[in-house]
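Encoded as structure tokens, the structure appears first; notes follow it.
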2 protein chains.
Amino acid sequence: MAFITALEILDAANTKPLYNIKVIMDFQEEMGSPHLPATVASQSDLFAADMLFVMDGTRHLSNLPTLTYGARGIATAKLKVFGAHYPLHSGQYGNFAPNPVFQAAKLISGLKDDTGRVTIPGFYDGITITKKEKALLQKVPENLDSIRKRLGIAVQDQVGVNYQESLQYPSLNIRGLRSGWVGDKVRTIIPSEVLTEIDMRLVPESDGRRLMELLKTYIKENGYHLVDSIPSDKERAIYPKLASFTYKIGSKPFRTPMDSPIGNFLNKALHKVFGNNIVNMRTTGGSQPMAPFINTLNVPAVSIRIPNPDNNIHSPNENIRLGNFLEGIITCLAILDEPIPK
Amino acid sequence: MAFITALEILDAANTKPLYNIKVIMDFQEEMGSPHLPATVASQSDLFAADMLFVMDGTRHLSNLPTLTYGARGIATAKLKVFGAHYPLHSGQYGNFAPNPVFQAAKLISGLKDDTGRVTIPGFYDGITITKKEKALLQKVPENLDSIRKRLGIAVQDQVGVNYQESLQYPSLNIRGLRSGWVGDKVRTIIPSEVLTEIDMRLVPESDGRRLMELLKTYIKENGYHLVDSIPSDKERAIYPKLASFTYKIGSKPFRTPMDSPIGNFLNKALHKVFGNNIVNMRTTGGSQPMAPFINTLNVPAVSIRIPNPDNNIHSPNENIRLGNFLEGIITCLAILDEPIPK
């Protein structure tokens, strides 16, 4: 809406942008943009361009105008740990029927050490951050105290030495967990299964399929027999630990060099209205469906961030601060007004 | 309904029971009968009796007519483990904001060993089972293979040497677990909290308050700062591990001696219609609100079981087999027809 408003303002002022524009609206981003890669591949002429600007995702925590040059990819998985074949009265079977919550807890607790690092061997393989890259990461104006305070945590996970560095690595997250019933629906039973929803955020150096297979191997090495859907009576009689594990690879990670023509162009445009109050981030932690454009069409892409960082993205009460919306319009005008270098 | 039908049959046959009957209907049993203890205490004259028969709970797994002489008590608890103060985008904060699911998993997995035994020191204190009691437990016609097959498990927890013995100990169960969202409501976030619903089944030798305090101590010893409801910003800034823990003591455990007059009376009554096909169980695993009668009024109590053991008690699709209902009517008639010994 900030971009469309900027176009309307140009139109009202009888002004035209300094270059041609193609607009792509992707309404399936939160579904992982299932049709985008095939569409980009089959319509490459239509999508041909010199640069790609992505209007998605929130600004850096400082809420300064933000450019991000890469995004993590995503892969998701469902892990189900099975107990008895139906929920059991906890009095009649407590001390006899194993509770899959305890089994799942052991499995989950073995995935990370106390500093939040994934303990599966090979999970972080292939990632090196050079001195120059570390310096760029440190230029981002943020301090750990204020981030911790914002999140309401006393200690952060120790995957990177600072927040920006932590985003340069793949992550392993349990986004949802359910077993039995809680709250006003609580039932005094031994649950029959534990459902775990998992996501991994990927960086260009880490292949999602490889990481998911590592996780699958970890589950098997912990003594689990994996079934496709629901265990059969025969499998129940044989295997003390039963689980199902399925995964999907979502959008791919990408990274555009920070000292590229598109980076210089956007910095010059934003400098006109924001001076030096601009944040350049090597990568954002989230995923964006930009990889098809970069990988298939070879178009350099940078993400222009507008919404406030505390906008509850992907959560209930997602919002945008009005000041950010207005600065977003100014941002778009500054870019539309910037001459393309010869 | 089996009992009322038996009374109707007697009535239609112009026959009267051989003794006076008082009927107590407790419609709050699944809520833990909150008003019963005070009512029994204040109306002791009204409730005075020689024996108490309880029509509650399922038959033994053999589905033979069953008498149980005791029940475990119950205590329940809620444990909440806190992460960041709201759900966070898993890409933006994955590798930085701690996920409370991993913390809760470590806490839960430390509660039991791989055989299902609670590892908290003192949890099983005070319980001894004599040789004579072991013999009575072994008289119950059951075998582990068929119970495992019925439940769909390959290996049972090893708290007792057999199913009956496992019921003589207190149990610790996680009846419900929830964090974030799953299934068609899944959101790619780092959950802000993990809710754990806990129940303990108690035996006469184990005090519920003592066991719950042991659990509370375990949580604290694992580094948790316990808050009353929601952590304050100040607590969030100080403590890396935050949780809330509250518990309630429900109905109390009880046990009536198996070789008592009430036991002999009921065995004699049931023998008339079922011969030796009767199961006498020292205790049932579930809880029953009988303790007030026994402890306050000193009335011996035995539970007469009617429903089939696979009736999904306390779970969806709770049911009764028609054959069990009909045998339940016969059971009640046999008892109503039995002369009280002088």
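The values are calculated or read from the model by the stated rules, or taken from the named source; none is laboratory data. Note that the coordinates shown come from a computational prediction; the quantities given were computed from them, not determined experimentally. Here Cβ is always computed from backbone atoms with ideal geometry, including for glycine, and neighbour counts include all displayed protein chains. These area figures cover heavy atoms from the full protein model, side chains too; ligands, DNA and RNA do not enter into them. Shrake-Rupley method; radii C 1.70, N 1.55, O 1.52, S 1.80 Å.
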With the first residue restricted to segment B:32-61 and required to be modelled with pLDDT of 90 or more, and the second required to be open to solvent by less than 50 Å² (accessible area, probe 1.4 Å) and basic (Lys, Arg), Cβ contacts under 7 Å at 6 or more apart or on different chains are B:THR58/B:ARG305; B:ARG59/B:ARG305
Open to solvent by 10 Å² or more (accessible area, probe 1.4 Å) and over 21 Å from B:MET25 (Cα atoms) - does that describe any residue in segment B:329-336?
no
Could you go through segment B:115-124 and let me know if any residue there is polar (S, T, N, Q) and closer than 27 Å to B:LEU79 by Cα.
yes
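Quick grid of which residues meet (1) buried (at least 17 other Cβ atoms within 10 Å of the Cβ); (2) β-branched (Val, Ile, Thr):
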{"site": "A:ILE21", "(1), (2)": "no, yes"}
{"site": "A:HIS35", "(1), (2)": "no, no"}
{"site": "A:PRO65", "(1), (2)": "yes, no"}
{"site": "A:PRO121", "(1), (2)": "no, no"}
Which numbered condition B:ILE320 misses (of (1) farther than 26 Å from B:GLY176 by Cβ; (2) touching a helix residue (DSSP H, G or I) at 6+ places or on another chain (Cβ under 9 Å); (3) open to solvent by 30 Å² or more (accessible area, probe 1.4 Å)):
(1)
If you scan segment A:111-146, which residues turn out to be without any contact (Cβ under 8 Å) to a residue 40 or more places away in the chain and over 17 Å from A:GLU205 (Cα atoms)?
A:ASP113, A:ASP114, A:THR119, A:LYS131, A:LYS132, A:ALA135, A:GLN138, A:ASN143, A:LEU144, A:ASP145
Every residue from segment A:70-82 that is at the interface with another protein chain (Cβ under 8 Å from one of its Cβ atoms) and open to solvent by 10 Å² or more (accessible area, probe 1.4 Å):
A:ILE74, A:THR76
Could you tell me which numbered condition B:ILE153 fails, if it satisfies all but one of (1) farther than 20 Å from A:PRO240 by Cα; (2) buried (at least 21 other Cβ atoms within 10 Å of the Cβ)?
(1)
How about segment B:3-19: which of its residues are part of a helix (DSSP H, G or I) and open to solvent by less than 70 Å² (accessible area, probe 1.4 Å)?
B:PHE3, B:ILE4, B:THR5, B:ALA6, B:LEU7, B:LEU10
Count of segment B:37-63 residues which are among the acidic types (Asp, Glu) and either over 15 Å from B:LEU297 (Cβ atoms) or loosely packed, with under 11 Cβ neighbours inside 10 Å (or both):
2
Does A:ILE108 qualify as being crowded, with 24+ Cβ neighbours inside 10 Å, touching a residue at least 12 places away in the same chain (Cβ under 8 Å) and under 30 Å from B:GLU235 (Cβ atoms)?
yes
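Take the residues in segment B:141-157 that are more than 7 Å from chain A (Cβ to nearest Cβ) and of a type in the set (A, V, I, L, M, F, W, C); name whichever of them is nearest to the chain's Cα centre (by Cα).
Selected residue: B:ILE147.
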Those residues of segment A:125-140 which are in contact with a strand residue (DSSP E or B) (Cβ under 7 Å, 6 or more places away or on another chain) and either within 30 Å of A:THR217 (Cβ to Cβ) or open to solvent by 50 Å² or more (accessible area, probe 1.4 Å) (or both), in sequence order
none
Looking at B:ASN298 and the list (1) over 25 Å from A:VAL182 (Cβ atoms); (2) in contact (Cβ under 8 Å) with a residue 40 or more places away in the chain, which single condition is not satisfied?
(2)
What is the number of the single condition among (1) under 17 Å from the mean Cα position of the chain (by Cα); (2) over 30 Å from B:VAL155 (Cα atoms); (3) more than 10 Å from chain B (Cβ to nearest Cβ) that A:TYR247 does not meet?
(2)
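Based on this model, can you work out whether B:LEU67 counts as within 23 Å of B:SER287 (Cα to Cα), touching a residue at least 12 places away in the same chain (Cβ under 8 Å) and away from chain A (no Cβ under 11 Å)? Give the derivation first.
Numbers: within 23 Å of B:SER287 (Cα to Cα): yes; touching a residue at least 12 places away in the same chain (Cβ under 8 Å): yes; away from chain A (no Cβ under 11 Å): yes.
Answer is yes for this residue.
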Among the residues of segment A:158-193, write down those that are at the interface with chain B (Cβ under 7 Å from one of its Cβ atoms), over 23 Å from A:HIS60 (Cα atoms) and either without any contact (Cβ under 8 Å) to a residue 12 or more places away in the chain or among the aliphatic types (A, V, I, L, M) (or both).
A:ILE174, A:LEU177, A:TRP181, A:VAL182, A:VAL186, A:ILE189, A:ILE190
